[in-house]
Amino acid sequence: MTAPAEPTEQSSPWETEAPSAVVKSPRKAPPKNKKKKSKLALILGAVAGVLFLGCTGVSAAVYFAVIQPALRAARDIQSQPQKDAVVNDDPTTVDGAVAALASPDGDLRVKGLAVLAAAPREAGKLVKVSSALHAYADKNSEFKSTSADAFLKAVERWGTATNTPDLEALIPAPPDPAPVWERAARQLFNIEPPRAAERVVARALAPKADESAAGLVKEFRVYSQPAIVHRVNDPDSGVRGRAERLLKEVFKLPAAQYENELLRQSLSDLAVDSVPTVTSAADHLAEVGRARAQDLSGSPTVFPELIATAKRLGKPVPAPVIVAATVWCQKTDALTLAGLLKLAGPDGVSAVTDKLAKLKNPTTYPVLIAALADSEGGFEYLALKSIGADAAKALEKGKTDPNEKVRRQCQNLLAFILANGGTMTPPSTAVTTTTVPVGPLAAALAKLAAAKTEVDIAAALDAIAKIDPTSASDAERASTVKTLVPQVNKTSGDAQTSAANAITVWADKKNADQLASAIAQQPICDWNNALKNLGQWKLPATVASIIAATVVPSNSDAAVAAIKAFGPIAEPEVLKQFTFARGTNSTKLVAMCHMLEAIGTAKSLPQLEALYKLETTRKKMILDVKTACEKALKAVKTRAKK
């Protein structure tokens, strides 16, 4: 009788492909004597069968009691399902290594990785192995640390697009540990070049990037350069700065190419929802525009895109957007630019009016005159003053405007133009007082009306400031203040200072609005005494003018003291003006931080925290602002806890 053939090494049930079910616990391969038992049962069964067929004298009872159970046991053992098969302790084949990756035994998983790293790559098993490696990485974080090298070697041999997220995980941004990140980046580049470039660029733009990151960025240039350009308007100012440095220092882009890249990317970034990104894009557009100041016609879409962005953002439009629009604005665009006056904050209004004064486009003069009615900083007045005689015709019409403030300022401007050699007809209605008192005041006012030079005007104003107003009637004081207020715009230098001093002397609480108006029109004057008075009177309508005076450091302390005297009732107006887009006057911002330090409640915290975050990430940090904001945050939080 011939015994059954021995199972070969290849067909052994202990080294077949692992079943789909996860092995719940490690088990050692069964001892060899179990195989012998199986063969013995088969032999006994076969012998029993022969005896049954050859020996007819054997009783049926013996057959059913002994021989039949032996045959059944042999069949059961032979047909035992593969579910009892377990992974070998030392996998040596690709299939065995794949099965080992699913083992709960960490050492066995590492052995599986080593086998795969050394095994020849087989096209027919590529999908199976790469999927198993991905499943291993998905379940075992060790692939990023202790097993990183072994895992990467296996992926280098068997990796496909399935392993893209695994390779990306091996390329984190600093300071996360990344023992094999450079090799992982190169392997990812072989599979998905754009994604490899993105990961390397992210690492190169991180705060603590190493030189090797810059080297790989250069190596992957075809894909990494666009990725870096895409980050030049990142919300994080640190990232923006490092991206610009890489473009200039690593890629050494020629100036023209660098400008083209900035222009293309920044135009695209104007459409995003992030205000920091939009403002950065606007800054870059302004930079390119200044570089191309001699010929802006080559990029005709820039100005319309900036205008569309301003309208989309709404009031107040971030100052950098408006500044960029002024850079790209040509004379034929002047009227469109003038339309931004209704959407701009103080810094934006300043930029627009300065540009309009230079362009001298007659279509904008009526717009500037109409804006005098709601002017907060006197910028429109200064623009018309700079335009001079060219605006005379429009100013003559302005004298009949329904708004009293517009009429008065048009008259003042016409008088200024005439005094400086203008050829138009003098104003038909001089600015006079409604009540002219007798005595020294009357003489001083008459001298002021007759003065033609700045020296004579300053002398007349000084004379008025020396007169004691306490003996004058309310009507006399009101009339005198009304006469004096236009002088802060009509004059300059010493005469303007004298005008501010005279207004401060003659204004009282009943005409505080006139004093506040004068401060708002010319905040750069010395208003320290006037600010002290406004702080004592505590009229909410004057808070905006007090804040306006802080654009110059010499007024800041007095303005902060005045707001401190108001207390929390001034907070809503301070917060309303507490904007910190690029271009915001830092002196004013520091002063408002000091104001909130003194009076701020919990309502101030969101804006203070936003400013502090901006200042700590800004490429060129304004230290005074950061320090003032930090102090304000500390004071407000302390009060909020009480």
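The values are calculated or read from the model by the stated rules, or taken from the named source; none is laboratory data. Only a predicted model underlies this, so the values are computations on that prediction, with no experimental measurement involved. Here Cβ is always computed from backbone atoms with ideal geometry, including for glycine, and neighbour counts include all displayed protein chains. Surface accessibility is based on the protein's heavy atoms, side chains included, excluding ligands, DNA and RNA. Shrake-Rupley method; radii C 1.70, N 1.55, O 1.52, S 1.80 Å.
Could you check, for region 451-458, whether at least one of its residues is among the hydrophobic types (A, V, I, L, M, F, W, C), within 22 Å of R408 (Cβ to Cβ), more than 54 Å from the chain's Cα centre (by Cα) and open to solvent by 10 Å² or more (accessible area, probe 1.4 Å)? Before the answer, list the steps.
In the first step, residues of region 451-458 are kept if they are among the hydrophobic types (A, V, I, L, M, F, W, C); the result is 451, 455, 457-458.
Okay, now just the ones that are also within 22 Å of R408 (Cβ to Cβ), so 451, 457-458.
Adding the requirement that they be more than 54 Å from the chain's Cα centre (by Cα) leaves 451.
Next, only the ones that are open to solvent by 10 Å² or more (accessible area, probe 1.4 Å) stay: 451.
Yes, there is a match, as at least one residue in region 451-458 is among the hydrophobic types (A, V, I, L, M, F, W, C), within 22 Å of R408 (Cβ to Cβ), more than 54 Å from the chain's Cα centre (by Cα) and open to solvent by 10 Å² or more (accessible area, probe 1.4 Å).
Which members of region 272-316 meet the condition of being hydroxyl-bearing (S, T, Y) and outside the structural domain of D236 (by the TED database)?
Of all residues in region 272-316, those hydroxyl-bearing (S, T, Y) come to 274, 277, 279-280, 297, 299, 301, 309.
The answer is S297, S299, T301, T309.
For first residues located in region 445-466 and on the phi < 0 side of the Ramachandran plot, partners that are outside any helix (DSSP H, G or I) and at pLDDT below 90 and lie 6+ apart or on another chain with Cβ distances below 6 Å form the pairs I457/A451; I457/T491; A460/A451. All conditions but one from (1) free of Cβ contacts under 8 Å to residues at least 40 places away in the same chain; (2) over 30 Å from D269 (Cα atoms) apply to S375; the one that does not is (1). The residues in region 501-544 that are among the charged types (D, E, K, R) and part of a helix (DSSP H, G or I) can be counted, and the count is 4.
If I ask for residues that are of a type in the set (V, I, T) and either crowded, with 20+ Cβ neighbours inside 10 Å or closer than 19 Å to S556 by Cα (or both), which ones from region 587-642 would you list?
Initial filter on region 587-642 (of a type in the set (V, I, T)): 587, 590, 599, 601, 616-617, 622, 625, 627, 636, 638.
Passing the criteria: T587, V590, I599, I622, V625, T627, V636.
Whether a residue is open to solvent by less than 10 Å² (accessible area, probe 1.4 Å), assigned by the TED database to the domain that holds D374 and either within 25 Å of A371 (Cβ to Cβ) or part of a helix (DSSP H, G or I) (or both) was assessed, and T353 passes this test. Filtering region 476-521 to residues that are open to solvent by less than 10 Å² (accessible area, probe 1.4 Å), among the aliphatic types (A, V, I, L, M) and under 41 Å from the mean Cα position of the chain (by Cα) leaves V488, L515, A516, A518, I519.
Could you check region 210-327 for helices (runs of 4 or more DSSP H) lying wholly inside it with 2 or more residues that are exposed (fewer than 15 other Cβ atoms within 10 Å of the Cβ)? Even if it seems obvious, please write down each step before you answer.
On the way: elements: 211-219, 221-229, 237-245, 255-269, 275-291, 302-313.
Answer list for region 210-327: 211-219, 221-229, 255-269, 275-291, 302-313.
The condition of being of a type in the set (K, R), touching a residue at least 24 places away in the same chain (Cβ under 8 Å), more than 21 Å from P316 (Cα to Cα) and out of contact with any strand residue (DSSP E or B) (no Cβ under 7 Å at 6 or more places or on another chain) holds for only one of K637, K641, that being K637.
In region 601-620, the residues that are of a type in the set (F, W, Y) form Cβ pairs under 7 Å with partners that are modelled with pLDDT of 90 or more and surrounded by 19 or more Cβ atoms within 10 Å (Cβ to Cβ), at six or more places apart or across chains, as follows: Y612/C629; Y612/L633.
The residues on offer are T400, T364, and the sole one that is among the polar types (S, T, N, Q) and open to solvent by less than 10 Å² (accessible area, probe 1.4 Å) is T364. Regarding A197, is this residue at pLDDT below 85 and open to solvent by less than 90 Å² (accessible area, probe 1.4 Å)? Taking the combined requirement at face value, the residue does not satisfy it.
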